[in-house]
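Here the structure comes first, spelled out in structure tokens, and everything after it is commentary.
The values are calculated or read from the model by the stated rules, or taken from the named source; none is laboratory data. None of the values given here were measured: they were computed from a predicted structure. Here the Cβ positions follow ideal geometry from the backbone for every residue, glycine too, while neighbour counts run over all protein chains shown.
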Amino acid sequence: MANAAPDGIFKKLLKRPSAVVAMCIIGLTCLVSVFAYLLAPDHTPSANNMIIELGAKPPGFKKQLLLVPKTLQQHGGNRLVEWFTGIPSGFNEVPINGYWFNADELFLRHYIDDGLEDTLSYPVASLMPEGRNSTTESAQIFIKEHNILTRTFYLGTDRFSRDILSRLIVGSRVTLSVGMVAVLLSLTIGIFLGSIAGYFGGWIDNLVMWLINILFAIPTLLLVFAITLTIGKGFWEIFIAIGLSMWVGAARLIRGQVMALKEMEYITAAKAIGLGDMRIIFRHIVPNIAGPIMVIAASNFAAAILVEAGLSFLGFGVQPPDPSWGLMIKEHYNFLLTNRPLLALIPGIAIMLLVYAFNILGNALRDVLDVRE
């Protein structure tokens, strides 16, 4: 079996509109996840900034905010690291309907809810940076320019008053990470066990197939539950649990491919010149089944996203405050029966689009590579 050149595969995929759309969705999601904290309106770690008065607001909601410096200021860290981990906010954000100055005091119409407000006041000096001496007039100008801003919540806020768009953007990291780790782990185990089972046959094949059949008889979600309860709940634990539950499909497919290839003439020639079994498997057989491996990788990626979302929805996946699309649905599914259904629908649509993209890409790869199980 000859491998198609990667550039040839890519050119064939570009001729399929559905595959192009799928690759665009996947590529855009990857870019968004890499630069999540640069793109997200909320730059705080896990996009977990809460403005209590602004809970469950609709998409496009705008509100003027006063930035009040925190008493305990956060020390700046490595800027490059903060791009990937988030930047703790040095301000408390107070929503306001309006403001005015009276000498050295700033008075606010504090927004509490629609149609409900009260009055707050802050000394102008308390809003100025430490060590900055200014006249009253210049201090007022500084506060207007630096401490008062208008923020738009393009997808609204959740019931904990966090920006949904920011949570969605940062949550894409979890979704792609779980797919990537699960695929790498499942393919590593699947390629090894499937290759040795298909190549050596005999008792090794019987043992691997017995293990595969046992695991196939256990529903994937229940198997992940069991692994999660064994190793614990958390960010990395859920990745490992999903990866350990998904290798059986890869192993079964690879076993069949290896069984067909090991009878080829070039494999017989490799044995005749004395090449070792492991070298034949991993240098001459596995590279020639790259096509089926790519297809199963795309399929496993989509399945891993769904399993992670399901586990997070049930409380066994990523734990708060880390954002996860499945966790976002769990936190707001009861809003489906209210006038705020988008709180649950938005992350659900994101999951649907990404899973659709990987399934379409897997089908396109299957057609382009003419993979037959």
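General observations
- Any pair with Cβ under 8 angstrom, 6 or more apart, that starts in segment 48-62 at a residue that is under 13 Å from residue 94 (Cα atoms) and ends at one that is among the polar types (S, T, N, Q) and at pLDDT below 90: 49/89
- Checked against the criterion of being part of a helix (DSSP H, G or I), touching a Pro at 6+ places or on another chain (Cβ under 8 Å) and of a type outside the set (Val, Ile, Thr), segment 50-65 contains one or more residues that satisfy it.
- Among residues that are within 39 Å of the chain's Cα centre (by Cα), assigned by TED's automatic domain parsing to the domain that holds residue 198 and assigned to a helix (DSSP H, G or I), residue 280 is included.
- Pairs, first more than 18 Å from residue 71 (Cα to Cα) in segment 113-142, second at pLDDT 85 or above and polar (S, T, N, Q), C-beta under 8 Å, six or more apart: 117/97
- Taken over segment 9-60, the residue count meeting the criterion of being on the phi > 0 side of the Ramachandran plot, surrounded by 14 or more Cβ atoms within 10 Å (Cβ to Cβ) and not aliphatic (A, V, I, L, M) is 1.
- Hits in segment 243-265 - residues which are surrounded by 12 or more Cβ atoms within 10 Å (Cβ to Cβ) and over 20 Å from residue 209 (Cα atoms): 264
- Residue match in segment 214-222 (condition: polar (S, T, N, Q) and modelled with pLDDT of 85 or more): no
- Take the conditions (1) modelled with pLDDT of 85 or more; (2) over 14 Å from the mean Cα position of the chain (by Cα); residue 315 misses just one of them, which is (1).
- Flag set for residue 152, criterion: in contact with a strand residue (DSSP E or B) (Cβ under 7 Å, 6 or more places away or on another chain), hydroxyl-bearing (Ser, Thr, Tyr) and surrounded by fewer than 17 Cβ atoms within 10 Å (Cβ to Cβ).
- Selection count where residues are in contact with a strand residue (DSSP E or B) (Cβ under 8 Å, 6 or more places away or on another chain) and in a strand (DSSP E or B), scope segment 89-127: 26
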